[in-house]
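Asker: Please see the structure below; I have some questions.
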Amino acid sequence: MPSGSVYLVGAGPGNPGLLTVRAKELITSCDTLIYDSLVHPSVLGLQRTDGERIYVGKKSGCHSVAQNDIQALLIEKARTGKRVVRLKGGDPYVFGRGSEEALALRKAGIAFEVVPGVTAAVGASAFTGTPLTQRNSNSTLVIVTGHEDPEKPESLVDWSSLPRKNTVLCIYMGVSRISAIVENLLNAGFDGSLPVACVEWATLGHQRVCRGVLDTIVNKAEEYSLKSPAVIIIGENVNMGDELSWFEAKPLQGRRFVVTRSQGQASELSEKLEKLGAEVIGLPLISITKNVDTRTRDDVFAEIASYDWLVFSSPNGVRYFFEAFFETFDDIRSLGFLRIAAVGKSTAKEISKFYVTTDLVPDEANADSLADALVATGSLDSSKVLLVTGNLGRDVLTRKLEEARAIMDRFEVYRTEATDLSRDPAAKAFRELGADGILFTSSSGVKSFVDQAEDLALEEGALHPKSISIGPITSASMAQQGMPMNFQAKEASLESLVDEVVAHFGKEDS
Ligand code: SAH
């Protein structure tokens, strides 16, 4: 990517999976990212953490940055040698003012590239089963804006010249003016019985679809309290949704959940929920960084073969331990004949990635149960145990194992810290929209959520989430922090947590 250039990039309709390969490559590698309001937080999360990020969309209640200022900003950043990505929802050249920015760049002599994105109508079409063209029923496709520049004296849309038959009409930015638009269409001779689908937040887990016909849709949209962003699709093909829908059938479709995760880490939990159709906001409450004390490391590795048990209290511990291990050794057999214990299934799974089997996993994934299970092996008296953990590791394990006369060494390999949420896009999405539920998977997640409550205060109209806990230890932390606990997973595992979510929030017929 040459410096001093600008990339006008379409981010697609919202669902991060619909980003193009080129867009992903550019977002990951740019110096400066200048973006609008409809870009998904996890797309922004792809950017390098040391990259510059500038928001130029609408602030709640305020106007957005003026178009001229955005153009001046693009030019200024490019001139200082930055590789700039100008990221827009959908496609940059479909009601995105991308062309104005491209013209300004050309005039300023700045090199640019344009990366198309899936435009909202195309996303809404696929995710509602509404083909935009269909061999026997329509041969034209019209994309039209319902809201033009408020400074324009009169509308450029000539509603009476639009094709009235055998067509599909997609209206962008039409929610606030839906009744005037429908009136224009009926006056222009459109049939009042034409099917209409208003697709709100198309392609995202919390997509909602309000269906009706031209005569009824204004009332229906009001009952539904349809909100922007939505595309209004009009035409016979809308009826095909009955047969072609697939997304809406997913059990958690229409629901939005917050999961707490550590910065820069893809969450297994988010993936599971997204597969079931949910929208997931990943709140990076904590950042986990590798932090291996070199003196301890050298001591531990010098005697590694003398340990009887190697105990892991989290998947992160496993990852950073083995990273350090392979920096020192180049053969897994240097571990010697020790036995390995993991606090839970996810930790054991992480261990298996190194082709190492775990000898002991307690039934319940917590430090107490791990300690009890280790004591129950009857092997601890005078044995050497190496506990691999982070800076917040709980003392209960060490205490219980020492009571059973084990010789304990503690090896800290990472640090857990709170992240700054005041400028975080996922936190912003949470404040604005709220969620159906917030899932807690650890005591440290609960604590940092409470500590950062100020940056997570919901705005008016946001949905108040239920809180869901992975197990008794996390629930106890919630109680201790004065936080309500609405549901708890039956077993302390991600699978069980997801089952619990489906039981409470899933669609009944799926
Ligand atoms: N360049 C964008 C359009 C920007 S104009 C594109 O190509 O999609 C903003 C309008 O786009 C919104 O008012 C809405 O009509 C539509 N839109 C964008 N994202 C949407 C989404 N996820 N679901 C429904 N409509 C969306």
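The values are calculated or read from the model by the stated rules, or taken from the named source; none is laboratory data. Keep in mind it's a predicted model, so treat the numbers as computed, not measured. Cβ coordinates were reconstructed from backbone atoms using ideal geometry, including for glycine residues, and neighbour counts include every protein chain displayed. Note: accessible area is taken over every heavy atom of the protein model, side chains too, but ligands, DNA and RNA are not part of it. Shrake-Rupley method; radii C 1.70, N 1.55, O 1.52, S 1.80 Å.
Asker: Add -39500 (n - 2.57) for each DSSP H run of 4 or more in the chain, then divide by its residues: what number comes out at 222 nm, to the nearest 500 deg cm²/dmol? Write out the running numbers ahead of the final one.
Answerer: Numbers: 18 runs with 164 residues, N = 510.
Result for the chain, helices only: -9000 deg cm²/dmol.
Asker: How long is the gain from GLU417 to LEU186 if the chain were fully straight, where each residue apart is worth 0.36 nm and the alpha carbon distance is subtracted?
Answerer: 77.3 nm
Asker: I want to check the label-to-label distance for SER225 and ASP363. Put each point 7 Å from Cα in the C-beta direction and report it in nm to one decimal.
Answerer: Spacing of the two 7 Å Cα→Cβ label points: 4.6 nm.
Asker: Residue separation times 0.36 nm, minus the C-alpha to C-alpha distance between VAL213 and ALA479: what's the value?
Answerer: 90.8 nm
Asker: Along each of the three principal axes of the Cα atoms of the chain, give the extent in whole Å, ordering the values from largest to smallest.
Answerer: 89, 56, 43
Asker: Enter the accessible area per residue of the chain (Å², integer; probe 1.4 Å; all protein chains in place).
Answerer: 48
Asker: Restricting to bridges with both residues inside the chain, how much of the DSSP beta-bridge set is antiparallel, in percent to the nearest 5?
Answerer: 25
Asker: Heavy atoms only, probe 1.4 Å: what % of the accessible area of segment 1-129 goes to carbon and sulfur, would you let me know?
Answerer: Numbers: 3140 of 5670 Å².
Here carbon and sulfur together make up 55 percent of the probe-accessible area.
Asker: Starting from the Cα of SER496, step 7 Å toward the Cβ, then list every residue of segment 357-393 with an amide N under 20 Å from that point.
Answerer: The answer is 359-376, whose backbone nitrogens lie closer than 20 Å to the label point.
Asker: Just subtract the alpha-carbon distance of SER64 and VAL142 from 0.36 nm times their residue separation and send over the number in nm, one decimal. Write out the running numbers ahead of the final one.
Answerer: Values: separation 78, 0.36 × 78 = 28.08 nm, distance 2.79 nm.
Length difference between fully extended and current span is 25.3 nm.
Asker: Give me the one-decimal nm value for the distance between modelled label points at LEU156 and ALA457, 7 Å along each residue's Cα-to-Cβ direction.
Answerer: Calculated label separation equals 4.3 nm.
Asker: Sticking with the crude label model, points 7 Å out along Cα→Cβ, report the distance from SER3 to GLU76 in nm, one decimal please.
Answerer: 1.9
Asker: Between 0 and 90 degrees, rounded to the nearest ten: what's the tilt of helix 367-376 against the longest Cα principal axis of the chain?
Answerer: 40
Asker: Something else about it: Return the lysines within reach of LYS82: Cα separation strictly under 21 angstrom, same-chain partners fewer than 8 residues apart disregarded; answer none if there are no such residues.
Answerer: Excluding near neighbours in sequence, the set is LYS24, LYS107.
Asker: Once you keep just the Cα pairs under 8 angstrom separated by 6 or more residues, what percentage relative contact order results for the chain?
Answerer: 11
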